[in-house]
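Contents: one structure, followed by commentary.
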Amino acid sequence: MSAETHHGHAADHAHGHDHDDPHGGAAHGSRKGYWIGFLLSVLLTAPAFALVMSGVIADPRLTAGIVMALAMVQIVVHMIYFLHMNTKSEAGWTMLALIFTAIIVFIVISGSLWVMYHMNLNMMPQMQAEMSSAGM
Amino acid sequence: MSTMTQTPPGAETPVFYDLDEHEHPPGHSTMLGFWLYLMSDCLIFAMLFAAYGVYGGSYAGGPTARELFELPLVAVNTTMLLLSSITYGFAMISADERKQGAVLGWLAVTALFGAAFLAIELYEFSNLIHEGAGPQRSAFLSSFFTLVGTHGLHVTFGLVWLGTLMVQVSRRGLVDANLRRLQCLSLFWHFLDVIWIGVFTFVYLLGVLR
């Protein structure tokens, strides 16, 4: 315990890197890691904006697909190089929480879009028919 | 009595359960707890993204995403947030090296980029409202302002936290508690950048394509 609290003063010069971090688990980055993450982010963000702003690809669906794929890759890049996610930190609990969250996020977003799309598709003509018949 | 405690030969060795409290150094579970908070925050954003996904095309006869969004402005905003992410990373490296002055310097640079991001976002919002495209105009704009506004609010609180931490670091130095706080804010700040990837992709870029 006392070793823990004093380590900031006593072991100042001896350490400086990840292996004896008092918080146990959370990994640190290196200067190189941050630069790699930053450059990859630029290389993934710039084409996404360029594609949409220039409209090089005539088919908006293809453009949307590429832009979404770039975003997915960039999220993974940020997770690895900026948030330092790995399977080992906190004995794997951060990764487990992340996977659980990703599943819930997927269910919430895709489920909402799916349900509401079909509701619009199925309900609207009927509703409009009812409204127009009520109007008459 | 003694017969009770003696184990006969060939019997199973008794199993002992460690019921004593273990040592809990301060903050030993902070990082995991903070990560769980971020994951729950992620769920809030998932709801807002879902709402925007559903209402993103409900213009109610009002202006569309293509007419409203200015992508060059969004690109500058994205750059600001990305730069603030890497400068925060440099602050963390300086903290690892126990260089207090460098930590404070990089935190100040991060705060400047964060403030620039917020200023550009507020400029965009005020422009939209002046054009009559406020949150009450259509379901599209309501969900847009809620999603992007919630992200902006997070950045605002991140800036308040950043300022507080700069005062704490300058007063107490890089003690363990402050290093832990710096790590938490690091996760928070990079997490906001991850959310912003979703915002500029799904709201702005796909909104213009829609």
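If you build a Gaussian network model of chain B, linking Cα atoms that sit under 10 Å apart, which residue out of B:Met80, B:Met166, B:Met47 swings the most?
Among B:Met80, B:Met166, B:Met47, the largest GNM mean-square fluctuation belongs to B:Met47.
If you line up the long axis of helix B:100-130 against the longest principal axis of chain B, both from Cα atoms, how many degrees apart are they, to the nearest 10?
40 degrees
May I ask you to derive the FRET efficiency for B:Arg171 and A:Val42 from their Cβ-Cβ distance with R0 = 22 Å, giving the value to the nearest 0.05?
0.05
With axes computed from alpha carbons, what is the tilt in degrees of helix B:139-172 against the longest principal axis of chain B, rounded to the nearest 10 within 0 to 90?
50 degrees
With axes computed from alpha carbons, what is the tilt in degrees of helix B:71-96 against the longest principal axis of chain B, rounded to the nearest 10 within 0 to 90?
On a 0 to 90 degree scale, this one is about 30.
Taking every eigenvalue of the Cα gyration tensor of chain B, multiplying by 5 and rooting it, what semi-axes result, largest first, whole Å?
After diagonalising the Cα gyration tensor, the semi-axes are 47, 26, 12 Å.
Would you kindly calculate the mean projected area, averaged across all directions, of the convex hull enclosing the Cα atoms of the range A:30-83, in square nanometres?
3.4 nm²
Assuming R0 = 35 Å, what is the FRET efficiency of A:Arg61 and A:Ala91, from their Cβ-Cβ distance, to the nearest 0.05?
Plugging the Cβ-Cβ distance into 1/(1 + (r/R0)^6) gives 0.20.
Which distance in Å, rounded to a whole number, links the C-alpha centroids of the range B:139-196 and the range B:22-42?
About 16 Å separates the Cα centre of the range B:139-196 from the one of the range B:22-42.
What ranking, highest mean first, results for peptides A:109-121, B:114-126 when packing means the other Cβ atoms within 10 Å averaged over each residue?
B:114-126, A:109-121
Just name one of B:Leu104, B:Ala133, B:Gly149: the one whose Cα is farthest towards the positive end of the charge dipole of chain B (beta-carbon charges, Lys/Arg +1, Asp/Glu -1).
Among B:Leu104, B:Ala133, B:Gly149, the one farthest towards the positive end of the dipole of chain B is B:Ala133.
Under a crude label model (7 Å from the Cα following the beta-carbon direction), how far is B:Thr156 from B:Glu131 in nanometres?
Taking the simple label geometry, B:Thr156 and B:Glu131 are separated by 2.2 nm.
When you take every Cα atom in the range B:148-200, what is the radius of gyration, and what is Dmax, the widest Cα pair distance, in Å?
12.6, 38
Mind giving me the FRET efficiency for B:Glu21 and A:Arg31? R0 is 45 Å, r the Cβ-Cβ distance, nearest 0.05 is fine. Could you put the intermediate results ahead of the total?
On the way: r = 40 Å, r/R0 = 0.89.
E(calc), rounded to 0.05, equals 0.65.
Every read-out reported here was derived from the displayed coordinates using simple, explicitly stated rules and does not represent laboratory data. This structure is a prediction, so every number in the text was calculated from the model and none was measured. For neighbour counting, all protein chains shown are included, and Cβ atoms are generated from backbone atoms with ideal geometry for every residue, glycine included.
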